[in-house]
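The values are calculated or read from the model by the stated rules, or taken from the named source; none is laboratory data. This one's a predicted model, so the numbers in the text were calculated from it and none came from an experiment. Cβ sites come from the backbone with ideal geometry, for glycine too, and all protein chains shown count toward neighbours. For accessibility, only protein heavy atoms count, side chains too; no ligands or nucleic acids. Shrake-Rupley method; radii C 1.70, N 1.55, O 1.52, S 1.80 Å.
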Amino acid sequence: PDFTDNSSPDSTRPPFKVTESVSYRGRWKVHGILAFTAWGVLVPTAISVSLLRNLYPSNFPWLRVHFALNGLACIIMIVVFAIALTSYDTTGRNHFNGTHEKIGLVIFVFVLFQVMGGVFRAHAPKPASAIADTVHDNENVVNEESDEEFTDEGKKVEKSLQRMIWEVMHKGMGVLLLGLGVYEVQSGIALYASRYSPET
C-alpha cells in the first residue's frame, strides 16, 4: 500500500488522499480508539482521582486506583505505539517523519519515564506510629496515600527536598503529557480524516 497520491496531474483529488487497503484502515482505527481510551478516559480519570483525594473517605485507596489507571494507560500506549510501528514497517514508510509521529514518540518515551518515576518515587514522610503500623498490619500503601503527614503529637512532618522535587516533576510531567495526548488524539483524527474521508 502507498501513502502517496499517484493520480495524474489533472486529477481533482486532493494530494493528501491515500490508497490503502481496508486492513490498514482498520489498524489506524484501532490505533485511534485505543489512544482516545488512554488520553480521553484513563489518564484524565487517574489525574482526577489524585486531585480529589482529600474528598474521599480516609480508607479509600486512591493511590492504588491512580496507579492502576495509569498503568493500564501505559500498556495501551505500548500497543498503540506497536501498531504504528508495524504499520509503517509493512508499508515501507520512514518512521517519525511527520509532526504527529514525532510527538507520538515523545509521548511514548515520557510515559515510560512517568510510570517508572511513579513506581520508584521518593516516599512521603511518615510518623513513627504509621511506620509501626506498616510492619504489623501490612497497610503501607494506605499509609502513603496522603500529601500531608503528621507526628503523633499532631505536628506536620516536613517533606524531604527529594520528595518535593519529585512531586513538582511528576505533576508537571502529568499535565504536559495530558496536553500532548489530547493534542495527539485531535491531530490523529484529522490525519485519519484526510486519508480516508469520502472523495468528492
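Residues in region 158-168 that are out of contact with any His (no Cβ under 8 Å at 6 or more places or on another chain) and surrounded by 14 or more Cβ atoms within 10 Å (Cβ to Cβ) were compared, and the one that is modelled with the lowest pLDDT is LYS159.
If you go through region 68-125 and keep only what is farther than 20 Å from ILE33 by Cβ, charged (D, E, K, R) and either open to solvent by less than 30 Å² (accessible area, probe 1.4 Å) or touching a residue at least 24 places away in the same chain (Cβ under 8 Å) (or both), you end up with ARG93, ARG121. Of all the criteria given as (1) over 17 Å from ALA193 (Cα atoms); (2) surrounded by 13 or more Cβ atoms within 10 Å (Cβ to Cβ); (3) at pLDDT below 95, the one not satisfied by ASP10 is (2).
Only one of (1) under 19 Å from VAL182 (Cβ atoms); (2) at pLDDT 90 or above fails for VAL65. Which number is that? It is condition (1) that VAL65 fails. Here is the figure for region 164-200: residues that are farther than 26 Å from LYS29 by Cα and more than 22 Å from the chain's Cα centre (by Cα) total 1.
Within region 82-124, the set of residues being closer than 14 Å to GLY181 by Cβ, over 12 Å from the mean Cα position of the chain (by Cα) and not aliphatic (A, V, I, L, M) comprises just one member, HIS100.
Sub-6 Å Cβ pairs linking a first residue in region 35-64 that is of a type in the set (D, E, K, R) to a second residue that is open to solvent by less than 60 Å² (accessible area, probe 1.4 Å), at least 6 apart or interchain, are ARG53/TRP62, ordered by first then second residue. When every residue of region 39-62 is checked against the conditions, at least one turns out to be at pLDDT 95 or above, of a type in the set (Ser, Thr, Tyr), open to solvent by 30 Å² or more (accessible area, probe 1.4 Å) and part of a helix (DSSP H, G or I).
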